[in-house]
Amino acid sequence: MNALVKTGDSTFDKIYAYYVDSEKYTLTEKQQQIRERWLSAWTLRLQFHSKTQAVEVLCDKFGYARAQGFRDLQNAERLFGNVLKTQREGTLAILYEYSHKFFQMAIKAKDLKAMGKALELMGKYGDLDNGNDIDFNPEKLENKPVKFTIDKRVADAIVNQLAKGTLDFNNLEIEDIPHEEVSNE
């Protein structure tokens, strides 16, 4: 058995695992009934039933309390996704395609005004005009000066070496810090 389903997992976890791989994870008869209830709840929402209407239909169909109907709706949306969000994304995709077609027709007609309007609509329906997708921080582009601070003795050693005409950072004339050699073994 995979680590996806463990002893003590909730019914939701087991039904989710079933949807991930139905051949590997089987459901009990009770879990299968719950899965069918959730599928029915989600299907009702896809058919433009309000939550209250869907609960009424579920209560009539399965014969349980309204509270259980709302729990089934909640679990169905957790499992399959929010119907309204999915519907909105699908509608935006269709409107984007129509806008793209409008743009192509405007190009054929050589109508600059229509082309501009089509591009505006494509930006709107392609969800490009809200600016939330662009992760841009203009402060990162500022040219900020870089400042270094060094010890006075190091600065004096650099000045002395520069007076000689060369600067060798390997042999700065600074007292060595006591240290202990470490062997590779």
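Just a few scattered comments:
- Ranked list, fewest to most other Cβ atoms within 10 Å of each Cβ, for Arg71, Arg66: Arg66, Arg71
- Candidates Asp151, Asp21, Asp13, ranked by Gaussian network fluctuation over the chain, Cα under 10 Å, top entry: Asp151
- Partners of Lys24 within straight-line reach, counting lysines whose Cα lies under 20 Å from its Cα and excluding those fewer than 8 residues away in the same chain: Lys6, Lys14.
- Cα long-axis angle, helix 11-20 against the chain (0 to 90 degrees, to the nearest 10): 80 degrees
- CD proxy at 222 nm, helix term only [per DSSP H run n ≥ 4: -39500 (n - 2.57); per residue of the chain; nearest 500]: -19500 deg cm²/dmol
- Among Thr86, Thr26, Thr166, residue whose mean-square fluctuation peaks in a GNM of the chain (springs only between Cα atoms under 10 Å): Thr166
- Cα-based shape type of region 1-85, given that a ≥ b ≥ c are square roots of the gyration tensor eigenvalues and the cut on a/c is 1.5: prolate
- Fewest-first ranking of Val55, Val154, using other Cβ atoms within 10 Å as the exposure measure: Val154, Val55
- Sorted by Cβ density within 10 Å, fewest first, the residues Tyr19, Tyr25: Tyr19, Tyr25
- The C-alpha radius of gyration of region 6-46, expressed as a fraction of 2.2 N^0.38 Å, stands at 1.18.
- Cα-centred dipole magnitude for the chain, charges only on beta-carbon of K, R (+1) and D, E (-1), debye, nearest 20: 1700 debye
- The alpha carbon convex hull volume per residue for the chain rounds to 423 Å³.
- Projecting the Cα positions of His100, Trp38, Gly63 onto the charge dipole of the chain (unit charges on Cβ atoms of Lys, Arg, Asp and Glu, taken about the Cα centre) puts Gly63 furthest along the positive direction.
- Helix 66-80 and the long axis of the chain differ in direction by around 50°, with both axes built from C-alpha atoms.
- Region 85-130: C-alpha gyration tensor shape, a/c 1.5 cut-off, then a/b vs b/c: oblate
Rule-based calculations on the coordinates, nothing more; no lab input. Everything quoted here is computed from the prediction, not taken from an experiment. Cβ atoms come from the backbone with ideal geometry, glycine included; neighbour counts cover every protein chain shown.
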